[in-house]
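Structure first, then comments.
Derivation of every value follows stated rules applied to the coordinates shown; laboratory data play no part. Computed from a predicted structure; not experimentally measured. Reconstructed Cβ throughout: ideal geometry from the backbone, glycine too, with neighbour counts over all protein chains shown.
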Amino acid sequence: MPSDYLCNLVVPGAAKSGTSSLHDYLGAHPMIAMSAEKEPHHFCRDDRYARGAQAHNALFTSVPRLRYYGESSTGYLPWPVAAQRVAHDLDDPKALIVLRHPVARTFSHYRWRYRLGLERRSFLEALHADGFGYDPDRPDRFGYMAYLEFSQYARQVEAWEVALGASNCLLISAGDLQSDHASTMARCFGFLGLPPLEDVAARPDGAPRSNVTAVQGRRPPKAMAALARVLPKGLKDMRLYKSLKLGALRVGAPVPPAMMTDEERTFVETALADDIAWFEAKFGARNGVSKEMVDT
């Protein structure tokens with residue numbers, strides 16, 4: 001019996017690994033419609049899942065002759081229930097899983113929240129207090145912590161491969177997506193049975209998207225968020241508005257630590273030893289952490 005869901009393509013994570021860029025690159029293909037809203041968290045949030053297929057289908061603009069409708073939610077990868085729901089509810093779903101070195105990903109996750117003004121503790125203090133305990137139905141103000149848990153790829157990827165079948169899951173290195181995106185995207189399109197694109201490096205408007213922590217501002221204050229809700233959508237879609245908003249948020253944004261201390265690095269490497277070994281066996285040491293610490 002056909003699924004009630006349009007969706008048949010999912011990017012479940014990992015968080016801070018280039019999922020926003022991958023979402024846009026996929027959406028540039030004429031046979032793929034990626035959801036207008038990234039991070040709907042439909043299959044991991046019980047309240048959203050209860051709304052059913054119709055609510056999820058509303059994320060997409062239906063276009064004839066499309067092969068895939070896709071969405072990206074980084075809350076899916078560490079939550080096995082999401083994999084089970086995707087496998088059960090969707091027609092022959094495919095998963096593209098982009099992964100960054102566990103140490104680099106963990107530190108970037110912390111720096112992202114720090115830059116948003118949601119984290120004030122040292123990296124080590126945050127790891128001790130909130131390294132684990134992910135619950136998609138209990139986000140902490142904005143996004144999630146569970147800094148170490150989000151990097152436990154070995155068991156997370158296995159859960160997705162068991163649920164969907166390993167042949168329906170493609171693992172991608174964040175380093176390859178960044179440094180050799182053309183061939184990496186050709187792999188993605190080939191995996192999906194689609195013809196390649198000559199240029200997948202840019203969005204349709206010519207501006208590549210990224211989620212670089214170093215250029216993010218703090219989370220909008222309540223007054224600014226309230227004002228934004230009453231502004232016309234056409235105004236909010238203008239580049240000038242977006243530029244002014246980003247500039248305002250950058251002013252006074254907290255500056256996160258650029259590097260881990262030796263103690264912090266040792267702690268993360270010990271806590272994630274199995275996942276680091278798993279990752280490096282899959283992608284090699286070339287996708288390590290040294291070049292990633294300051295920029296993202």
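For this structure, a couple of remarks:
- Neighbourhood net charge (13 Å Cβ-Cβ; Lys/Arg +1, Asp/Glu -1) for Glu39: +2
- Residues whose amide H comes within less than 5 Å of that of Ala14, counting only those at least five positions distant or on another chain, are Val98, Leu99, Arg100 (H built at 1.01 Å from N in the peptide plane).
- When the alpha carbon gyration tensor of the stretch 16-145 is reduced to an equivalent ellipsoid, its three semi-axes come out at 29, 17, 13 angstrom, largest first.
- Karplus 3J(HN,Hα) series, Hz, for the stretch 95-106 with 6.51 cos²θ - 1.76 cosθ + 1.60 (x for Gly, Pro): 10, 10, 10, 9, 10, 10, 3, x, 5, 5, 5, 4
- Under 10 Å, Cβ to Cβ, from Pro102 - net charge with Lys/Arg +1 and Asp/Glu -1: -2
- Residue exposure sequence - Arg100, Arg111, Arg45, Arg121 - by fewest surrounding Cβ within 10 Å: Arg121, Arg45, Arg111, Arg100
- Going by neighbour counts of Cβ atoms within 10 Å, the residues Phe189, Phe132, Phe279 line up, fewest first, as Phe132, Phe189, Phe279.
- Note, ³J(HN,Hα) from phi for the stretch 122-134, Karplus 6.51, -1.76, 1.60, rounded to Hz, x at Gly and Pro: 5, 4, 5, 4, 5, 5, 5, 7, 9, x, 9, x, 5
- Electrostatic tally near Val157: other residues with Cβ closer than 11 Å to its Cβ, Lys and Arg +1, Asp and Glu -1, net -1.
- Rounded to the nearest Hz, the phi-derived 3J(HN,Hα) couplings of the stretch 30-40 under the Karplus curve 6.51 cos²θ - 1.76 cosθ + 1.60 (θ = phi - 60°) are x, 9, 10, 10, 8, 4, 5, 9, 7, 6, x, where x marks glycine and proline.
- Taking a ≥ b ≥ c as the square roots of the eigenvalues of the Cα gyration tensor, the stretch 74-122 is classed as prolate, since a/c reaches at least 1.5 and a/b is larger than b/c.
- In summary, the aspartates and glutamates within cross-link reach of Lys38, defined as a Cα separation below 15 angstrom excluding same-chain residues under 8 places away, comprise Asp24, Glu71.
- Burial ordering of His41, His88, fewest other beta-carbon atoms within 10 Å first: His88, His41
- Alpha carbon centroid spacing (whole Å) that separates the stretch 102-123 from the stretch 55-75: 30 Å
- Packing order of peptides 21-31, 48-58, 157-167, highest average first: 21-31, 157-167, 48-58 (average count of other Cβ atoms within 10 Å over each peptide's residues).
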